[in-house]
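In what follows, a structure is listed as structure tokens, so that the remarks can point back to it.
What follows is calculated from the coordinates using simple rules that are stated; it is not laboratory data. This one's a predicted model, so the numbers in the text were calculated from it and none came from an experiment. When we count neighbours, we look across all protein chains shown, and the Cβ atoms used for this are built from the backbone with ideal geometry, even at glycine.
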Amino acid sequence: MLEIRLHGRGGQGVVTAAELIAIAAFKDGFESQAFPNFGVERRGAPIQAYTRISKEKIRLRSQIYEPDFLIIQDDTLFGVVDLFKGVKKETKVVINSSKKLNEIFSNKLPLKKENFFIVDATKIALDILGKPIINTVMLGAFAQFSGLIKVKSIKDALREKFSGEILNKNIQATEYAFNLK
Amino acid sequence: MKTILEGSRVIAETIKMIKPSVVSAYPITPQTHIVEDLAKFKANGAANYEYVRAESEFAAASIVLGASAAGERVYTATSSQGLLLMIEVLFNIAGMRLPVVLTCANRGVSAPITIWNDHQDIMTLRDAGWIILFAENAQEAIVLHLVAYKIAEKYKIPVTVNVDGFVLTHTYEPSVLPTQSQVNKYLPKYKPQKDEYLNVENPVTFGAFATPADYMDIREELHNDIKNTQKEIGQEIKKVFKLLNVREKISQKEKNLIFNDNGLVEYYGVKNPKIIFLTMGSLVGTIKDFIKENQKEKLGVLKLRSFRPLPDKIILKMLKNAKYLAILDKNISLGESGVLGMEIKGAFFNKTKIKIQNFIVGLGGRDITEKHLSKIIKIIQTKKDQSVFIG
Amino acid sequence: MKRKLTVKPNSSRENKTGGWRTFKPDFIHEKCIACNTCALVCPEGICKPNKDGKKNKNGKIYYDFDPEYCKGCGICAANCPVKAIEMKLDKK
């Protein structure tokens, strides 16, 4: 079973991103589960969401303490939330930031350099969507970096959540991020 | 067909197919998504019910009471303080023998304010004359809602289906929804008993006076009728699982484990367990995972789908030769112990030598992990016997 | 009773919400007519007349915002009757 923990702020679509990964994985033939760890929902407040992906039926209901993947949607959370709590040596991390890795971590890296993938999702979202809603950009980057889910499945998942112009733009954002690197 | 949807959506889709003619609710976290979805279906023309947005839970419960008394199929949902505000009306619904179905998205009770999950809210309904069912996952929520209407309408007893707030209501997971024709066949259009509903052509009064000459007998009948639904609830649950073809199966890694499901209670674990967990709702999933990962420990879990009526004799039989019974309560009767723990201890008095210990877990959304379950199996094998808070 | 159940007021001051924003308002002081609209609509209550009483060339004590708490919602800019507030990408 693979466990993904997503960090972000209310309004950035963190919960939707967790759900989209679960839907995409289900479309790829896996069992999956996505759920939020809500505080009292407010725009801007730090929140977490979780996704589990497995070949077998998922029964476990507890929160995710030792993630295999971390998706960090907002680099202002560093120092506010203990983002790397419970990470393993092999945990892979996708971060939305306009900064470089050594600018984000002035001290020692919490994991090996290769475990990080940084994408300026806010800029991409502003360019494509016109709004700083970055979750679909992050999904494209995650699909690319993890190799876990097909970008086609994410697009299919997006079709279940959005329609019209918003759908097209989100698909465009996902593809753009997927083709980075 | 297997799809992946949010738990609340799955419940709303099921209710839509069951076709109540009146839905009334007041929004409260974490029930909100269920009634929002039902309102959307109505707004989009996908559903035909009257959707009455009430001004409070007291009003919502009163509206479904009235509509049910008028001979209609009805639905409402709530949580926590909302359920508490409904309580007076809910006692009346049971006393009037109205087949109301209510989903409780379980949440702790104030103060302090908590929006998170435990089972404290529904315990206030324990003595009201309702049938109380608990779902482990989205799939069971579908099954139990279908069964709820079947039993409620046949026996004229209201039923509440409990789903853990957030843990089930806000979780996306795969499940199989019935088809409309399956639902139509299983739950034909509701027909109230002739001359026993509000009708201007043939007026009747509901909830009238009962003097000491009658009151006690009426209560005794309701009590007996609830007890007598037990067997049929179990059968109907099994029937609907079969109908949807969704019974859980043993996987490769679980060859030494068994499922034993009689509808009311499900056992999962080794064939001859030493320690058995007993609990309700989504927590069972985490325990199953724990048992699967710790097969040397000789563990099992009994999942109680029906809390009222309480199938204590069935549970007793399913304990077999186990030495320890850990009862996990996500609620507490403050000053005493967990409610299920208290009831099972009472029911089993002098009937078994198994050591029973009660554990209070997960109050106000405190997460329950494998670490806590390890702690429980350690503590239960010591001499201690009080209720213990774990978490 | 050992556990304290009461909460002291003013806790929202400790939560510096300025880090949440993507956009930052740019107050163009020379255009400001000191109408107080931004102060009325700001959900955080952080748009205020310049605290040193500084005036622009029209003689108005112009308005400022508190960057420590501004979440960048843009309600001030949307409501300013003379377009004296512009939302700009916040370079952090």
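Here are some notes:
- Computed label-point distance, nm, for sites B:ARG247 and A:LYS123 using a 7 Å Cα→Cβ extension: 5.9
- Helix axis angle, B:283-293 relative to chain B longest principal axis, alpha carbon, degrees: 30
- Under the simplified labelling scheme, the B:LYS313-B:LYS383 pair shows an inter-label distance of 3.7 nm, with each label point 7 Å from Cα along Cα→Cβ.
- Dividing the mean sequence gap of close Cα pairs (under 8 Å, 6+ apart) by how many residues chain B holds gives a relative contact order of 15 percent.
- Taking every DSSP helix (H) stretch of at least 4 residues in chain B, weighting each as -39,500 (n - 2.57) and dividing the sum by the residue count yields a mean residue ellipticity at 222 nm of -11500 deg cm²/dmol.
- Net charge dipole size for the protein assembly as shown [Lys, Arg +1 and Asp, Glu -1 on Cβ; Debye, nearest 20]: 2060
- Between 0 and 90°, nearest 10: helix B:80-95 axis offset from chain B longest Cα axis: 60
- Using a Förster distance of 51 Å, the FRET efficiency for C:ILE75-B:GLU88 (Cβ separation, nearest 0.05): 0.75
- Loop-resident sites, chain C, for GluC sites (Glu not before Pro), counting at most 13 other Cβ within 10 Å (DSSP): C:GLU14, C:GLU68
- FRET efficiency, 1/(1 + (r/R0)^6) with R0 51 Å, evaluated for A:ASN102 and A:LYS152 via beta carbons: 0.90
- Ordering B:PHE91, B:ASN117, B:LEU102 by Cα displacement along the dipole of the stretch B:2-243 toward the positive end leaves B:LEU102 in first place; charges were set at the Cβ atoms of Lys, Arg (+1) and Asp, Glu (-1).
- In chain A, the sites counted are GluC sites (Glu not before Pro) in DSSP loop states with at most 16 other Cβ atoms within 10 Å, and the longest stretch holding none of them, exclusive of the sites, is A:91-181.
- Placed amide H near B:ALA47: partners under 5 Å, 5+ positions off or other chain: B:LYS42
- Backbone HN-Hα couplings from phi across the stretch C:59-73 [Karplus 6.51/-1.76/1.60, Hz, Gly and Pro as x]: x, 9, 6, 6, 9, 10, 10, 9, x, 5, 10, 5, 8, x, 6
- Basic side chains Lys and Arg get +1 at the Cβ, acidic Asp and Glu get -1 at the Cβ, and with that the dipole of chain A about its Cα centre reaches some 180 debye.
- Near B:LEU177, the amide H atoms lying under 5 Å from its own belong to B:THR3; only residues 5 or more places off or on other chains count, and H is placed 1.01 Å from N.
- The stretch A:43-111 and the stretch B:1-58: distance between their alpha carbon centers, rounded to Å: 34
- Taking label positions 7 Å along the Cα-Cβ direction at both B:VAL200 and C:ILE28, the computed distance is 6.6 nm, reported to one decimal.
- Projecting the Cα atoms of B:VAL35, B:TYR49, B:VAL64 onto the charge dipole of the stretch B:2-64, computed from C-beta unit charges around the Cα centre, puts B:TYR49 farthest toward the positive end.
- Residue-averaged [θ]222 nm for chain A, counting only DSSP H segments that reach four residues, each worth -39500 (n - 2.57): -10500 deg cm²/dmol
- Exposed-site-free run, longest, chain B (rule: chymotrypsin sites (Phe, Trp or Tyr not before Pro); DSSP loop; at most 12 other C-beta within 10 Å): B:1-208
- If you run the Gaussian network model on chain A, springs between alpha carbon atoms under 10 Å, then out of A:ILE134, A:ILE166, A:ILE118 the most flexible one is A:ILE166.
- No disulfide-compatible partner, judged by a Cβ distance under 4.7 Å, exists for the following cysteines of the protein assembly as shown: B:CYS104, C:CYS32, C:CYS35, C:CYS70, C:CYS73, C:CYS80.
- Mean Cα-pair separation over length for the stretch A:2-178, i.e. relative contact order, pairs under 8 Å, 6 or more apart, %: 23
- Helix-only CD estimate at 222 nm, as mean residue ellipticity for chain C, using -39500 (n - 2.57) per DSSP H run (n ≥ 4): -2000 deg cm²/dmol
- Amide H within-cut-off set for C:ASP64, under 5 Å, with H built and near neighbours excluded: C:LYS48, C:ASN50
- Computed from backbone phi with θ = phi - 60° and the Karplus coefficients 6.51, -1.76 and 1.60, the 3J(HN,Hα) list for the stretch B:372-383 is 5, 5, 4, 4, 5, 5, 6, 4, 5, 8, 9, 7 Hz; x is used for glycine and proline.
- Of the beta bridges in the stretch A:2-178, as assigned by DSSP with both residues counted there, near 55 percent are antiparallel.
- Measuring r between the beta carbons of B:GLU297 and A:ASN168 and using R0 = 41 Å, the FRET efficiency lands at 0.15.
- Converting phi to 3J(HN,Hα) with the Karplus coefficients 6.51, -1.76 and 1.60 and the offset θ = phi - 60°, the stretch A:49-58 yields 9, 10, 9, 10, 10, 8, 7, 10, 4, 9 Hz in sequence order, with x at every glycine or proline.
- Placing +1 on the Cβ of every Lys and Arg and -1 on the Cβ of every Asp and Glu, with nothing else charged, gives the stretch B:252-390 a dipole about its Cα centre of roughly 560 debye.
- A DSSP coil position with no more than 10 other Cβ atoms inside 10 Å describes the following trypsin sites (Lys or Arg not before Pro) in the stretch B:226-306: B:LYS249, B:LYS255.
- DSSP bridge pairs, the protein assembly as shown: antiparallel proportion in percent, nearest 5: 45
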